[in-house]
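What follows is a short report on a single structure.
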Amino acid sequence: MNLSQPLPPEFGEALARAADRLGAFAREIVWYADVSSTNDEAAALAEGGAAEGTVVAAYAQSAGRGRQGRVWASPAGAGLYVSTVLRPPPDAVSMLTIAAGVAVAEGVQAAAGLRVDLKWPNDVYVGPRKLAGVLAEASAVRDIQYVILGFGINVMPAAYPPEIAARATSLEAELGRPVDRGLLLAECLAALARRYGDLRDGRGDVVCGVWRMRAAASLGRRVRWAAPGAPIDGTADDIDATGALIVRTDAGTIRVTSGEVVWM
Ligand code: BTN
């Protein structure tokens, strides 16, 4: 059993300062020293009726996971590991993952002053290296009761496995100075409150516009999509209003809504 603990002061103070920008994320923050996965803890809370906006954060994860069944290395204190409980209206669901990527990019930039890029759907990059990622998990395919939106940000260079170390970076490696984690959490949650508010209020077009600016370096590039059956090559043109990636291929244009996209 994981027992939650008091929020460390550096987080409490930064969140209190940002309280008027946190929306629902100001209500309840559950902190763990060590959990398997904050997404699992948040899902358990959501199953028990936790309100929209409940936040779960941890110092370390023993079974952090990423998209496509990958492991998300989560050494103690080396990153920010955070999950939120959302109860979105059905028409906001498809764009959630795009909005979350935008929010993490904006939060990082606001807290650390580092310009970052997005790759579809929501990978956060500094140049060729990945800094942060988002994992959205819905309670069901139909009749979604809740979505757990988790994000992980590499803060410190850490003992990542070699296959990850070559392709990953961290805020402190990029900046060459310590980063205020409390501010980072507060700014990411404030940005998430804003972008989720955009979706709830029917401003998905605004979120798409911000995403396109952040993804400019990857749009127009050749991609390979691991389609069921055989991979499909094409050019990543844009996203549509649902957040799907529009890929131009020799056989016409396709909409990619899930699965692995490799940038070539
Ligand atoms: C990815 O890019 O593959 C997504 C990574 C998401 C990692 C975060 S860390 C907090 C939350 N808990 C998890 O187990 N995963 C997400």
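No lab work stands behind these numbers, since they all come straight from the coordinates. In this text, all values refer to a predicted model and were calculated from it rather than measured experimentally. Cβ: placed from backbone, ideal geometry, glycine included. Neighbour counts: every protein chain shown.
Measure nothing fancy, just the Cα-based angle from helix 38-47's long axis to the longest principal axis of the chain, in degrees from 0 to 90, nearest 10.
80 degrees
For region 92-98, in order, what is each residue's ³J(HN,Hα) by Karplus, 6.51 cos²θ - 1.76 cosθ + 1.60 with θ = phi - 60°, in whole Hz (x at glycine and Pro)?
9, 5, 5, 8, 4, 5, 5
Rounded to the nearest 20 Debye, what is the dipole magnitude of region 154-212 about its Cα centre when Lys and Arg each give +1 and Asp and Glu each give -1 at the C-beta?
About 140 debye.
Starting from 0.36 nm per residue, how many nanometres of slack lie between Ile144 and Leu3 once their C-alpha separation is accounted for?
Additional length available on full extension: 48.0 nm.
Given only helices, namely DSSP H runs of n ≥ 4 each adding -39500 (n - 2.57), what is the per-residue ellipticity at 222 nm of the chain, to the nearest 500 deg cm²/dmol?
-8500 deg cm²/dmol
Given that compact globular proteins tend to follow 2.2 N^0.38 Å, what is the ratio of the alpha-carbon Rg of region 23-85 to that value?
This ratio for region 23-85 stands at 1.08.
Calculate the all-directions average of the projected area of the chain's alpha-carbon convex hull, and give it in nm².
Across all orientations, the chain yields a mean hull projection of 13.8 nm².
Provide the gained length on full extension for the span Arg21 to Asp240, in nm with one decimal, where the gain is 0.36 nm per separating residue minus the Cα-Cα distance.
Gain in length upon complete extension: 76.0 nm.
Along the Cα-to-C-beta direction of Arg248, a point sits 7 Å from the Cα; which residues of region 189-220 have their amide N less than 14 Å from that point?
219-220
What spacing in nm lies between the two simple spin-label points modelled at Ala159 and Ala226, each 7 Å away from Cα in the Cβ direction?
The two pseudo-label positions are separated by 2.9 nm.
Give the residue from Thr235, Ala57, Tyr32 lying farthest towards the positive end of the charge dipole for the chain; charges sit on Cβ (+1 for Lys and Arg, -1 for Asp and Glu) and the dipole is referred to the Cα centre.
Thr235
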